[in-house]
Amino acid sequence: MTAIDPPRNQDDYPDRDVDCEQALEPALHVLLADAYACGWSPAEVRRAMRKLLLAHRMTDVENAKVEAALAILRAAERARTR
């Protein structure tokens, strides 16, 4: 797998999104080349990647909801046991 460069620093900075794109691009090109070499068409790969990214985003949203609900339950439990 192609190495992905880390951010220049851990804090937020103006070009962080651009740096992330540049860091991911070489690995993306390798992934695309591998998929095409296996016989997948560019359209198929785009559709699959779009679906995978959407599923990943939906998972993040659902996980955040679960974490928020757990935080509320933990706070209620702490308040109850005091």
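For the chain, would you read off the P(r) tail past 20 Å as a percentage of all alpha carbon pairs? Tail fraction, whole percent: 62.
What number, rounded to the nearest 500 deg cm²/dmol, is the helix-based mean residue ellipticity at 222 nm of the chain, given -39500 (n - 2.57) per DSSP H run of at least four residues and division by all its residues? One gets -27000 deg cm²/dmol as the mean residue ellipticity at 222 nm. Residue exposure proxy: VAL18, VAL45, ordered by other Cβ atoms within 10 angstrom of their Cβ from fewest to most, comes out as VAL18, VAL45.
Result for the chain in a Gaussian network model with C-alpha springs under 10 Å: among ALA27, ALA64, ALA55, the largest mean-square fluctuation is at ALA64. Placing dummy labels 7 Å off each Cα toward the beta-carbon, the span from ASP19 to GLU44 is 3.8 nm. Phi angles of region 68-82 translate, via the Karplus equation with coefficients 6.51, -1.76, 1.60 and θ = phi - 60°, into HN-Hα couplings of 5, 5, 5, 4, 5, 5, 5, 5, 5, 5, 4, 5, 5, 8, 7 Hz per residue; Gly and Pro are given as x. Using Cβ point charges alone (K and R +1, D and E -1), the dipole size of the chain about the Cα centre works out to roughly 680 debye.
Simple point charges give the picture: +1 on the Cβ of Lys and Arg, -1 on the Cβ of Asp and Glu, and for region 1-40 a dipole about the Cα centre of about 200 debye.
An oblate overall shape is assigned to region 17-58, the ratio a/c of its alpha-carbon gyration tensor axes (a ≥ b ≥ c) being 1.5 or greater and a/b not exceeding b/c.
Taken together, the values in this text are just the output of simple stated rules run on the coordinates, not laboratory data. The model shown is predicted, which means the values in this text are computed figures rather than measured ones. Note: ideal-geometry Cβ built from the backbone for every residue, glycine included; neighbour counts use all protein chains shown.
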